[in-house]
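Novice: Please find one structure pasted underneath; my questions will follow.
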Amino acid sequence: MIDTALTIAFTLVGLAVALSLWRLLRGPDAPDRILALDTLYVNTIALLVLFGIQIDSNIYFEAALLIALMGFVGTVALCKYLLRGDIIE
Amino acid sequence: MIQRLLPHPLLTPILALIWMLLANEFSAGHALLGLLLGWAIPIFTLRFWPEQTRIRRPLTLLRFIAVVLYDILIANLAVAKLIVSRPRRLQPAFLEVPLDVRSDLAISLLANTISLTPGTVSAELSPERDRLLVHALHATDTEALVATIKTRYEAPLKEVFEE
Amino acid sequence: MLEYVLAFLIIAGGAFTFIGSLGLARLRDFYSRLHGPTKATTLGVGCVLIASAVYFSQGDQPSLHEILITLFLFITAPVSAHLLAKAALHLKLTSVARRPESENLE
């Protein structure tokens, strides 16, 4: 039961990653690409957590947490760069 | 004295809870360590939290959180339907919401709530901090939407954090 | 019973994540595209994380640390959306909606 659900969810999230990648490559503007990167890291967290359920192990939790932290900081830094032309003032 | 030792009384239990979640262990030892951290961190980061936060009506806050969670769920389904069925016929619009709340915390909570409830994203706060620019994904009646935001989200926040 | 709840949460999470990215790929202007990933994707990942918390709590010890990531995502998603919208307004990206005329919002 859960295995079937996991397979379906893996497919859906995989498609989501593909769509985000398409937006990342296509653009057309810098904010679009940043948004696509932002979506990609959130999708990665979903993939990691699903994988953790599949192999019945908690070992990827820290990785998911770190991706969440670093992804947010990265998005903020990129936005700040677009807004001010500089990250650290 | 109590001000110096415990500058943000609310922050201590929250930090302790986060510590126990991070350690993923709910034992007395971790609770003690968490409380110790929750006591020390606010003192060392005092300079970054100049504003004193007081929650006036905890029950209103709880009801507000419940309303927001419910709205997130219901409105997400609505937006999912819009995205899947007819993206070409959406009518996006910018709205300006005049603000009654004044404190930093209330404004940022309102902006975050607006962004989390689907269909609207807060985009910009005016320099005078009295208007919030909001982008709506599909708005046929902008005035009604502004009124909903004001009564459903801003009024309870104002009640809890101000007045 | 629990198995059905878990399967439902996992599939709902995957579906919302997919719809978020679908919105990102399909909608017409940047401001509309902003809506999909910030909410649908956040809710989707939230569902998956809650499923994970329920799944690993089945043993003798509860495992609730997934809630931390869920909370963190729900707090940060609006912030990054706000910053992205601000950056897009600053760069004057084209928009389907009529742009606000008041220039002091710049």
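The values are calculated or read from the model by the stated rules, or taken from the named source; none is laboratory data. Just so it is clear, the model here is predicted, and its values are computed rather than measured. Because the Cβ atoms are built from the backbone with ideal geometry, glycine has one as well, and the counts that use them run over all protein chains shown. All accessible areas refer to the heavy atoms of the entire protein, side chains included, with ligands and DNA or RNA removed. Shrake-Rupley method; radii C 1.70, N 1.55, O 1.52, S 1.80 Å.
Novice: For segment B:4-50, name all the residues that are within 24 Å of the chain's Cα centre (by Cα) and closer than 30 Å to A:Ile59 by Cβ.
Specialist: Hits for segment B:4-50 are B:Pro13, B:Ile14, B:Leu15, B:Ala16, B:Leu17, B:Ile18, B:Trp19, B:Met20, B:Leu21, B:Leu22, B:Gly38, B:Ile41.
Novice: I've got another one for you. Only one of these is more than 9 Å from chain C (Cβ to nearest Cβ), surrounded by fewer than 19 Cβ atoms within 10 Å (Cβ to Cβ) and in contact (Cβ under 8 Å) with a residue 24 or more places away in the chain: A:Leu25, A:Leu37. Name it.
Specialist: Details: A:Leu25 fails: in contact (Cβ under 8 Å) with a residue 24 or more places away in the chain.
Of the residues listed, the single one that is more than 9 Å from chain C (Cβ to nearest Cβ), surrounded by fewer than 19 Cβ atoms within 10 Å (Cβ to Cβ) and in contact (Cβ under 8 Å) with a residue 24 or more places away in the chain is A:Leu37.
Novice: Can you tell me which residues in segment B:33-86 are of a type in the set (Phe, Trp, Tyr) and at pLDDT 80 or above? Spell out how you get there, then give the answer.
Specialist: At the first step, the residues of segment B:33-86 found to be of a type in the set (Phe, Trp, Tyr) are B:39, B:44, B:48-49, B:64, B:70.
Answer for segment B:33-86, where residues must be of a type in the set (Phe, Trp, Tyr) and at pLDDT 80 or above: B:Trp39, B:Phe44, B:Phe64, B:Tyr70.
Novice: Residue by residue through segment C:8-28, note down the ones that are β-branched (Val, Ile, Thr), facing chain A (nearest Cβ under 8 Å) and crowded, with 24+ Cβ neighbours inside 10 Å. Steps first, answer last, please.
Specialist: Residues of segment C:8-28 β-branched (Val, Ile, Thr): C:10-11, C:17, C:19.
Subsequent filtering for residues that are facing chain A (nearest Cβ under 8 Å) retains C:10-11, C:17.
The answer is C:Ile10, C:Thr17.
Novice: Which one of these does B:Leu61 not meet: (1) more than 11 Å from chain C (Cβ to nearest Cβ); (2) open to solvent by less than 70 Å² (accessible area, probe 1.4 Å); (3) outside any helix (DSSP H, G or I)?
Specialist: (3)
Novice: Something else now. Of the residues B:Ser115, B:Ser122, only one is in the same structural domain as B:Arg102 (by TED's automatic domain parsing), within 15 Å of the chain's Cα centre (by Cα) and more than 21 Å from B:Ala66 (Cβ to Cβ); which? Give the derivation first.
Specialist: Details: B:Ser115 fails: more than 21 Å from B:Ala66 (Cβ to Cβ).
Answer to the selection: B:Ser122.
Novice: Something else now. Can you name the residue in segment A:9-22 that is among the hydrophobic types (A, V, I, L, M, F, W, C) and closer than 12 Å to A:Leu50 by Cα and, of all such residues, is farthest from the other protein chains (Cβ to nearest Cβ)? It would help to see each step written out before you state the result.
Specialist: We begin by selecting, within segment A:9-22, every residue among the hydrophobic types (A, V, I, L, M, F, W, C); these are A:9-10, A:12-13, A:15-19, A:21-22.
Filter once more, keeping what is closer than 12 Å to A:Leu50 by Cα: A:9-10, A:12-13.
Numbers: A:Ala9: 3, A:Phe10: 7, A:Leu12: 4, A:Val13: 5 Å.
Step by step, filter segment A:9-22, then rank; the result is A:Phe10.
Novice: From (1) over 13 Å from C:Ile69 (Cα atoms); (2) in a helix (DSSP H, G or I), pick out the condition that doesn't hold for A:Leu66.
Specialist: Every condition holds for A:Leu66 apart from (1).
Novice: Follow-up. How many residues are more than 21 Å from C:Arg28 (Cβ to Cβ), facing another protein chain (nearest Cβ under 10 Å) and either among the aromatic types (Phe, Trp, Tyr) or over 17 Å from the mean Cα position of the chain (by Cα) (or both) if we restrict to segment B:68-109?
Specialist: 2
Novice: Can you report the number of residues in segment B:79-104 which are polar (S, T, N, Q) and part of a loop (DSSP other than H, G, I, E, B)? Walk me through how you get there before you give the answer.
Specialist: Keep residues of segment B:79-104 that are polar (S, T, N, Q), which gives B:85, B:91, B:103.
Restricting the remaining residues to those that are part of a loop (DSSP other than H, G, I, E, B) gives B:91, B:103.
Residues flagged as polar (S, T, N, Q) and part of a loop (DSSP other than H, G, I, E, B) within segment B:79-104 amount to 2.
Novice: Keeping to segment C:29-56, report how many residues are in contact with a strand residue (DSSP E or B) (Cβ under 9 Å, 6 or more places away or on another chain) and more than 7 Å from chain A (Cβ to nearest Cβ). Steps first, answer last, please.
Specialist: Of the residues in segment C:29-56, the ones in contact with a strand residue (DSSP E or B) (Cβ under 9 Å, 6 or more places away or on another chain) are C:31-32, C:34-35, C:38-39.
Pick out the ones that are also more than 7 Å from chain A (Cβ to nearest Cβ) and you get C:31-32, C:35, C:38-39.
Looking only at that region, the number is 5.
Novice: With the condition kept exactly as written, say whether any residue in segment B:117-128 is facing chain C (nearest Cβ under 8 Å), open to solvent by 10 Å² or more (accessible area, probe 1.4 Å), charged (D, E, K, R) and closer than 19 Å to C:Ala77 by Cα.
Specialist: yes
Novice: I need the full set of residues from segment C:76-95 which are more than 7 Å from every other protein chain (Cβ to nearest Cβ) and open to solvent by 60 Å² or more (accessible area, probe 1.4 Å), in order please.
Specialist: Residues satisfying the conditions are C:Lys92, C:Thr94.
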